[in-house]
1. Give the residue from Ile42, Pro121, Asn80 lying farthest towards the positive end of the charge dipole for the chain; charges sit on Cβ (+1 for Lys and Arg, -1 for Asp and Glu) and the dipole is referred to the Cα centre.
2. Using 20 Å as the Cα-Cα cut-off, could you pick out the over-long pairs in Lys92/Lys115; Lys37/Lys113; Lys37/Lys118; Lys50/Lys92; Lys86/Lys113; Lys37/Lys97?
3. When only Cα pairs under 8 Å and 6 or more residues apart are kept, what is the percent relative contact order across the chain?
4. Run the helix sum for the chain: -39,500 (n - 2.57) per DSSP H stretch of 4+ residues, divided by residue count, reported at 222 nm to the nearest 500 deg cm²/dmol.
5. Mind checking which of Tyr111, Tyr55, Tyr82 has the largest fluctuation in a GNM of the chain, springs on alpha carbons under 10 Å?
6. Can you tell me the length gained on complete extension of the stretch Trp129 to Asp116, counting 0.36 nm per residue apart and subtracting the Cα distance?
7. Taking trypsin sites (Lys or Arg not before Pro) that fall in a DSSP loop and have at most 14 other Cβ atoms within 10 Å as cut points, what is the longest piece of the chain between them?
8. Taking the structure as given and computing Kirkwood radius over Cα pairs in Å, which label from (1) 16.2; (2) 17.8; (3) 15.2 fits?
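What follows draws every value from the coordinates through simple rules; no lab data is involved. Everything numeric here is computed off the predicted structure, so don't read it as measured data. Quick reminder, even Gly has a Cβ in these numbers, built from the backbone with ideal geometry, and neighbours come from all protein chains shown.
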Amino acid sequence: MHLIGFTLVELAITVAIIGTLTTLAIPSYVNSLNNAKITRAIGDIRAVEKDIAAYEADHGETPATLGAIGRGSLLDPWENPYQFMKFTDQNKGAMRKDRFLVPLNTSYDLYSKGKDGKSIPPLTANVSWDDIIRANDGAYVGLASGY
């Protein structure tokens, strides 16, 4: 009599192959999800920039808050509120700065705190490297680590 089926060794090899493929695929999948969130944050910042520009055209000044343009409750892909600061004489010291301690923007800062939800104004701080920032008055929007 001839039995048809898989031996225990064949099943073990199959499970090992599937486990190896899964181990290789999960980090790639997680990285793809993170890249998608970064891309969404960049798109959100670009959209808010347009709303701010429209507000400036209508009112002759930068809005004081994101709420003034109807974006006060906007959350980034990591479920944290976007950070916005209109520059005034009183808060110039709180401006985000690059590695040379030069302010990133001239009229306002707009950014996401990124994946870790933490941020410190100078981009040289490790916790700021994952922030999605607006710099050079909108000429650059992307990861702080890439600026």
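1. Looking along the dipole axis, the top candidate is Pro121.
2. Pairs exceeding the cut-off: Lys92/Lys115; Lys50/Lys92; Lys37/Lys97.
3. On the way: 184 pairs, mean separation 25.1, N = 147.
Computed over the chain, the figure is 17 percent.
4. Details: 1 runs with 52 residues, N = 147.
Result for the chain, helices only: -13500 deg cm²/dmol.
5. Looking only at Tyr111, Tyr55, Tyr82, the largest GNM fluctuation is found for Tyr55.
6. Fully extending the segment from Trp129 to Asp116 adds 3.7 nm.
7. The longest uninterrupted stretch comes out as 1-98.
8. Read-out taken from this structure: (2).
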